[in-house]
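Undergrad: I'd like to ask some things about the structure below.
The values are calculated or read from the model by the stated rules, or taken from the named source; none is laboratory data. Here the structure is a predicted model, which is why all the values come from computation and not from measurement. Reconstructed Cβ throughout: ideal geometry from the backbone, glycine too, with neighbour counts over all protein chains shown.
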């Protein structure tokens, strides 16, 4: 695959950012929940939107320097940068308040209960049709190439679907999964839109 120009990648990044700042869409809600988890888990004294903005600025700098060669999975790239920033901030400000019985209230623990979010994700997966669930498992969990997925799919389903059809089906399945996941996620994560009012 030919390397894409920094200008094109920046254009695509800006489109993704506009989508993330949109009100009431699954991708922005997912990013908001992810950033909120980072700020709570690493005990950061910054808001989610500040973390996203800093991740965006770093991404722009790296793209401008030619460190990013393709405009693929830019949202995942932003998440990875945000995670690195959260770890850096956590190292700068060590936490000096050990957990004690008083701090272990039901409310405080629910903020960092990642297991419940994984349970919600697993529940959403069970609500998908079996073919959609299988396709997402092959691509995301098993990390198979599209060529491998195509071969397995044709063998298992007896369907003659092209790789591009399978890609589109995976995107639709992922969209359904996001919808099912966020339908079971507390609305308090989104306030008025994912980044507040």
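Undergrad: Please work out which residue is modelled with the highest pLDDT, limiting yourself to the stretch 98-130 and to residues that are touching a helix residue (DSSP H, G or I) at 6+ places or on another chain (Cβ under 7 Å) and part of a helix (DSSP H, G or I). Can you show your working first?
TA: Start the filter on the stretch 98-130 by keeping residues that are touching a helix residue (DSSP H, G or I) at 6+ places or on another chain (Cβ under 7 Å), which leaves 111-112, 114, 120-121, 124-125, 127-128.
The next check asks that each one be part of a helix (DSSP H, G or I); those that pass are 111, 114, 120-121, 124-125.
Working: 111: 46, 114: 54, 120: 73, 121: 75, 124: 79, 125: 82.
Across the stretch 98-130, the extreme among qualifying residues is 125.
Undergrad: Which residue out of 172, 133, 178 is under 22 Å from residue 29 (Cα atoms), under 19 Å from the mean Cα position of the chain (by Cα), surrounded by fewer than 13 Cβ atoms within 10 Å (Cβ to Cβ) and outside the structural domain of residue 25 (by TED's automatic domain parsing)?
TA: Working: 133 fails: surrounded by fewer than 13 Cβ atoms within 10 Å (Cβ to Cβ); 178 fails: surrounded by fewer than 13 Cβ atoms within 10 Å (Cβ to Cβ).
172 is the lone residue from the list that is under 22 Å from residue 29 (Cα atoms), under 19 Å from the mean Cα position of the chain (by Cα), surrounded by fewer than 13 Cβ atoms within 10 Å (Cβ to Cβ) and outside the structural domain of residue 25 (by TED's automatic domain parsing).
Undergrad: Also, quick follow-up: Any idea how many residues of the stretch 10-59 are within 27 Å of residue 177 (Cα to Cα) and outside any loop (DSSP other than H, G, I, E, B)?
TA: Number of matching residues: 32.
Undergrad: Still on this model: Would you be able to tell me the number of residues in the stretch 60-82 that are in a helix (DSSP H, G or I) and over 16 Å from the mean Cα position of the chain (by Cα)? Break it down stepwise before answering.
TA: Narrowing the stretch 60-82 to residues in a helix (DSSP H, G or I): 60-64, 74-82.
Restricting the remaining residues to those that are over 16 Å from the mean Cα position of the chain (by Cα) gives 60-64.
Residues flagged as in a helix (DSSP H, G or I) and over 16 Å from the mean Cα position of the chain (by Cα) within the stretch 60-82 amount to 5.
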